[in-house]
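Encoded as structure tokens, the structure appears first; notes follow it.
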Amino acid sequence: MLELDRWPIFSLLSDDFRFSIKIACVFGGAGNEALVITHDDNVYAIGSNGSSCLGVGDSQSSLVPRSVDALCKKKVVSLGFGSGPHCVALTGGSG
């Protein structure tokens, strides 16, 4: 399992969901936002959603993982973020 215990944003997630996480990208001034990729190729957003950068279509904060529908089942292999703010997803493979 990833070292998710290092980030308080993951502390309220169920163990089942935490074990399903393959890749996590934590960002925000206080590490209060995250995008995660699960082993079943879904992408979820969690956190304060500052500047609506979580990709869920609104600016609502959520401590419950919200599906990023535009990225689910798209073979996302990496996530990143930058000042602006913005987030990026890299897909791999074809199809």
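The values are calculated or read from the model by the stated rules, or taken from the named source; none is laboratory data. All of these numbers come straight from a predicted model, not from anything done at the bench. Using ideal geometry, Cβ is built from the backbone for each residue, glycine included, and neighbour counts are taken over all protein chains shown.
The table below lists the values:
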read-out: Where a residue in region 25-47 is within 15 Å of LEU12 (Cα to Cα) and its partner, wherever it lies, is of a type in the set (Asp, Glu) and in a strand (DSSP E or B), with Cβ under 7 Å and at least six apart; value: GLY47/GLU33
read-out: In region 1-27, the residues that are in a helix (DSSP H, G or I) and basic (Lys, Arg); value: ARG6, ARG18
read-out: When residues of region 74-95 are limited to those that are of a type outside the set (D, E, K, R) and in a loop (DSSP other than H, G, I, E, B), the one surrounded by the most Cβ atoms within 10 Å (Cβ to Cβ); value: PRO85
read-out: Any hit, region 51-73, residues being modelled with pLDDT of 95 or more, closer than 14 Å to CYS25 by Cα and either touching an Asp or Glu at 6+ places or on another chain (Cβ under 7 Å) or surrounded by fewer than 11 Cβ atoms within 10 Å (Cβ to Cβ) (or both); value: no
